[in-house]
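Scroll down for the structure; my scribbles are underneath it.
The values are calculated or read from the model by the stated rules, or taken from the named source; none is laboratory data. The structure displayed is predicted, hence computed values, not measured ones. Note that each Cβ is placed from the backbone with ideal geometry, even for glycine, and that neighbours are counted across all protein chains shown.
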Amino acid sequence: MTKRELTDRQYLQLFKINENKYLIGIYQDGITIHKQQIRALNIFHALYNTKLKAIKDPGYTIGIIGGGVAGITFATAALEAGYNVTLFEKKSIYLHMQFGCDIRKIHPNLYEWPDRRYSNPYAELPVLDWKHDSASNVVKQILRGWETTKKKIRSKGPTGAYNLIEILSCDIKSIEQNVVKNKTRFQIKYETPDGWAVSGCDLLIFATGYGVERGVEEAADTPSYWRNDYYAQIELHAATKTYIVSGVGDGGLIDLFRLKIFDFSYEQLLDIIENNREYPDLLRELTRIKKEVLSDEKAPVNTFFRKFSDLNQSYYKYIFETIASKGLFLDNEIWLNDLSMDFEQTLDHKKISFLHAFLIFIFIRFGKRINLSYHGGLLVFEKGKGYLLNGKPVPENSFIIIRHGTNRDGSIPSFYFSGSNDASLKVIKERQEKYYNHGVVVRRWSNADLIAIFNPALNKRYEYLNAATSVVCTSYVSGLSNLIKNYYTEKANFRVALYRQIYVRGEYFFQQVTSYFGSEKPDGNNSIGQVFTIDRGNVGQSFTTGRPTLILQKEEQHFDALIRAMGLSKDLDRIKADKSFFTLPILAPVKGSRIAAANLVLSVESQDLAFFETKPGKDNIISLIIASTLGFVETISHHIKFNELKMADLDFEPLVVNNKLPPYFHGNPCFEDPCKAYTGLEPDKSKLKLGNFYSFSII
Ligand SMILES: Cc1cc2nc3c(=O)[nH]c(=O)nc-3n(C[C@H](O)[C@H](O)[C@H](O)COP(=O)(O)OP(=O)(O)OC[C@H]3O[C@@H](n4cnc5c(N)ncnc54)[C@H](O)[C@@H]3O)c2cc1C
């Protein structure tokens with residue numbers, strides 16, 4: 001099937017049981033925590049556009065069955081948008097699958113590797129955002145976001161009306177669908193430890209998940225994937241223990257790597273592959289292979305294997321030897337098992353991630369050296385006989401790790417879907433399988449779209465901004481604001497804010513990364529994250545030209561014309577009498593080139609006649625602002641040098657500064673070089689340059 005853009009209605013068809021019932025998943029591939037969140041938000045967004053937006057009934061309620069990551073993400077979006085939500089979860093806590101799991105790490109973008117996007121540790125979601133961490137900590141981050149939304153909706157409105165009902169530890173017994181006065185209403189009958197009850201809703205979202213892995217319940221000693229185990233520790237009693245890892249999917253392979261590699265971590269492995277000096281073209285080769293495979297709809301199952309085999313063989317030796325030099329467990333013996341008799345047929349690009357396929361290809365190649373081998377065939381458990389592989393008993397005392405994927409059909413209680421619903425489920429399955437997309441789950445919204453739905457009163461465009469970036473910049477801007485207050489013994493009217501350059505879907509913007517600080521109280525979070533087109537106003541001038549600007553209203557005969565030329569408006573931008581502006585760009589060299597981009601721009605504005613009016617020299621306000629900014633640049637550079645702070649290394653198109661003054665600035669020394677004109681100093685511009693990065697995003 002072609003990968004054309006689906007309309008909202010077409011997209012919803014992939015998940016629609018009937019007009020008022022939708023299922024998040026469950027036959028599509030790409031079932032990671034992050035992708036389930038994107039899927040939940042895609043469905044919410046499409047439902048909002050096609051149905052929810054038009055609903056005026058204040059009692060309209062969305063019922064969500066399942067409090068895993070998909071259910072809770074959908075619920076958060078619906079609550080943020082102001083709908084009533086009833087959330088049913090059969091366990092006593094949300095996200096119980098991953099809750100308390102300390103042995104697994106979850107990364108939102110690892111599956112993108114070797115694409116650079118993988119290096120972004122943030123999910124970058126407008127609700128329930130999280131950062132790469134252990135599963136238990138990711139759960140904590142998501143639940144913190146959930147609590148924030150709950151607090152927000154609780155404090156909304158004078159009546160304190162609370163539009164969320166949470167029903168935990170519930171056993172749903174029946175779902176009835178009635179049509180009253182042309183309106184569909186569901187009656188959900190359930191039992192909790194408090195007894196029986198019935199709850200009504202108008203739209204029903206099934207977020208019951210993909211189920212638990214098949215076969216785990218029979219293997220008494222194999223914990224399910226998200227339960228804590230001790231595979232990453234050495235066996236205390238047996239001299240050599242045989243582990244049979246059954247299932248060449250991501251789950252099985254992760255366990256195999258944990259059994260073999262000391263302190264298995266993706267960071268370490270990717271560092272070995274990416275930063276090797278001997279084979280600098282390896283990453284490019286891998287990127288090419290992944291692209292070729294994904295663009296070939298008909299690529300046979302063994303395509304990964306074939307393409308890896310064609311690569312320069314010395315790559316493998318190098319990677320294996322480097323991993324081995326960091327430490328491999330040799331005390332255990334591992335059999336890797338899957339149905340196919342031939343290992344070549346197991347590296348199915350539709351089922352496993354590129355990184356895992358590449359690593360296991362290498363490990364099997366050097367298997368003899370590390371007690372690892374592939375044993376194809378059917379592994380079954382028979383009562384009284386134990387595990388049999390191709391009909392023969394497995395070695396005595398083997399430890400079996402079953403990773404066969406989940407039973408998706410079995411994850412939904414049959415009474416939820418019966419009669420015509422049952423047929424719809426089959427249709428969904430067919431449609432999802434037909435729309436196979438290599439597990440790629442594309443966002444159908446931009447952060448700005450969803451933020452605007454969640455808070456239409458904000459009335460401006462907002463884009464994603466991670467908290468770490470904002471926190472670091474805020475400490476500088478608030479510090480500068482206090483220095484300025486201290487500098488002026490009389491109360492001065494002014495405000496300061498910092499902006500960064502961003503690039504979203506092919507467009508340049510600048511984004512406010514701090515609140516305004518100054519003579520008025522900080523304006524809370526309302527201005528953080530808002531974006532403006534890159535050439536707007538005096539801040540935009542500094543982003544596009546890379547030069548500071550100073551505009552003193554009372555000295556400008558053509559002030560109004562100047563404001564208009566910069567795209568500002570007196571009303572919108574609150575420009576009253578005697579407003580003056582100063583902007584100072586912080587540059588960064590563009591990688592591999594001598595040209596620069598304006599990474600950040602500091603803006604200081606005042607409505608005080610005399611704010612910028614101090615004598616040229618060392619002790620004036622502009623010198624103070626420059627000195628403080630140099631301190632900020634020095635701090636960031638220092639932390640980066642000592643690896644205490646990391647900047648995102650993402651694909652980002654920097655807007656290169658053009659160094660040209662627009663014509664309306666010509667002839668005015670303040671614009672030619674305001675810093676020199678006012679301070680009398682030639683500031684060392686190289687000191688206002690950040691290091692070798694241009695996307696100011698602290699990760
Ligand atoms: C072996 C394995 C390895 C994985 N590895 C990773 C990984 O490394 N990284 C990653 O991101 N993802 C991984 N995943 C995928 C991840 O587990 C799923 O994407 C995620 O859990 C799906 O979220 P969900 O909310 O759709 O379903 P679930 O997390 O299954 O949540 C469904 C919820 O619905 C509830 N529920 C079910 N039926 C009912 C009912 N009748 N009434 C009320 N409540 C009900 C359940 O109790 C549960 O809380 C892995 C999955 C498996 C099986």
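At a glance:
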read-out: Condition met for Asn228 (under 22 Å from Tyr118 (Cβ atoms), of a type in the set (S, T, N, Q), in a loop (DSSP other than H, G, I, E, B) and in contact (Cβ under 8 Å) with a residue 40 or more places away in the chain); value: no
read-out: Test result for Ile172, under 21 Å from Val212 (Cα atoms), within 11 Å of the ligand (Cβ to nearest atom) and part of a strand (DSSP E or B); value: yes
read-out: Residue selected from the stretch 659-699 under the condition over 13 Å from Pro548 (Cα atoms) and at pLDDT 80 or above, by the criterion surrounded by the most Cβ atoms within 10 Å (Cβ to Cβ); value: Phe696
read-out: Lone unmet requirement of (1) within 16 Å of the ligand (Cβ to nearest atom); (2) over 14 Å from Val85 (Cβ atoms) for Thr50; value: (1)
read-out: Any hit, the stretch 461-469, residues being at pLDDT 85 or above, out of contact with any Lys or Arg (no Cβ under 6 Å at 6 or more places or on another chain) and of a type in the set (D, E, K, R); value: yes
read-out: Qualifying residue in the stretch 354-374 (condition: within 30 Å of Val504 (Cβ to Cβ), within 16 Å of the ligand (Cβ to nearest atom) and within 27 Å of the chain's Cα centre (by Cα)); value: yes
read-out: Within the stretch 86-120, tally of residues that are among the basic types (Lys, Arg) and either modelled with pLDDT of 95 or more or touching a Leu at 6+ places or on another chain (Cβ under 9 Å) (or both); value: 4
read-out: Members of the stretch 639-663 that are more than 22 Å from Ala123 (Cβ to Cβ), assigned to a loop (DSSP other than H, G, I, E, B) and touching a residue at least 24 places away in the same chain (Cβ under 8 Å); value: Glu653, Pro654, Leu655, Val657, Asn658, Asn659, Lys660, Leu661, Pro662
read-out: Residue in the stretch 279-294 that is surrounded by the fewest Cβ atoms within 10 Å (Cβ to Cβ), counting only those that are more than 17 Å from Ile362 (Cβ to Cβ), touching a residue at least 40 places away in the same chain (Cβ under 8 Å) and not polar (S, T, N, Q); value: Leu294
read-out: Residues being aromatic (Phe, Trp, Tyr), away from the ligand (no atom under 13 Å from the Cβ) and more than 25 Å from Ala448 (Cβ to Cβ) - total across the stretch 95-137; value: 1
read-out: Flag for Asp57 being assigned by TED's automatic domain parsing to the domain that holds Tyr162, of a type outside the set (Ser, Thr, Tyr), surrounded by fewer than 18 Cβ atoms within 10 Å (Cβ to Cβ) and away from the ligand (no atom under 16 Å from the Cβ); value: yes
read-out: Qualifying positions in the stretch 180-225 - more than 33 Å from the chain's Cα centre (by Cα), within 12 Å of the ligand (Cβ to nearest atom) and part of a loop (DSSP other than H, G, I, E, B); value: none
read-out: Residues (under 21 Å from Met341 (Cα atoms), more than 15 Å from the ligand (Cβ to nearest atom) and either in the same structural domain as Arg116 (by TED's automatic domain parsing) or of a type in the set (S, T, N, Q) (or both)) located in the stretch 237-270; value: Thr242
read-out: Positions within the stretch 492-528 being part of a loop (DSSP other than H, G, I, E, B) and at pLDDT 95 or above, in sequence order; value: Val513, Thr514
read-out: Hits in the stretch 305-320 (condition: without any contact (Cβ under 8 Å) to a residue 24 or more places away in the chain and either buried (at least 19 other Cβ atoms within 10 Å of the Cβ) or outside the structural domain of Leu286 (by TED's automatic domain parsing) (or both)); value: Lys307
read-out: Residue count for the stretch 60-95, restricted to those that are surrounded by 14 or more Cβ atoms within 10 Å (Cβ to Cβ), assigned to a loop (DSSP other than H, G, I, E, B) and over 26 Å from the mean Cα position of the chain (by Cα); value: 3
read-out: Enumerated helices (runs of 4 or more DSSP H) restricted to the stretch 253-371, each holding at least 3 residues that are closer than 26 Å to His438 by Cα; value: 266-274, 282-295, 303-310, 354-365
read-out: Candidate set from the stretch 392-440 (those that are over 20 Å from Pro223 (Cα atoms) and among the β-branched types (Val, Ile, Thr)); member that is farthest from the ligand (Cβ to nearest atom); value: Val427
read-out: Residue check, Thr50 among the hydroxyl-bearing types (Ser, Thr, Tyr), farther than 20 Å from Glu5 by Cβ and in the same structural domain as Gly145 (by TED's automatic domain parsing); value: no
read-out: Answer residue from the stretch 1-37, given it is more than 11 Å from the ligand (Cβ to nearest atom) and hydrophobic (A, V, I, L, M, F, W, C) and is modelled with the lowest pLDDT among those; value: Met1
read-out: Filter result for Glu80 (on the phi > 0 side of the Ramachandran plot, touching a residue at least 60 places away in the same chain (Cβ under 8 Å) and either more than 14 Å from the ligand (Cβ to nearest atom) or not assigned by TED's automatic domain parsing to the domain that holds Thr192 (or both)); value: no
read-out: Only listed residue being within 20 Å of Leu269 (Cα to Cα), surrounded by 19 or more Cβ atoms within 10 Å (Cβ to Cβ) and among the hydrophobic types (A, V, I, L, M, F, W, C), chosen from Ile370, Ile401; value: Ile370
read-out: Test: residue in the stretch 450-457 that is modelled with pLDDT of 95 or more, within 30 Å of Ser353 (Cβ to Cβ) and not assigned by TED's automatic domain parsing to the domain that holds Val601; value: yes
read-out: Residue tally, condition surrounded by 22 or more Cβ atoms within 10 Å (Cβ to Cβ) and at pLDDT 90 or above, over the stretch 607-628; value: 1
read-out: Single match in Gln177, Gln141 (criterion: of a type outside the set (A, V, I, L, M) and part of a strand (DSSP E or B)); value: Gln177
read-out: All positions within the stretch 160-188 that are under 13 Å from Gly200 (Cβ atoms) and of a type in the set (Phe, Trp, Tyr); value: Phe186
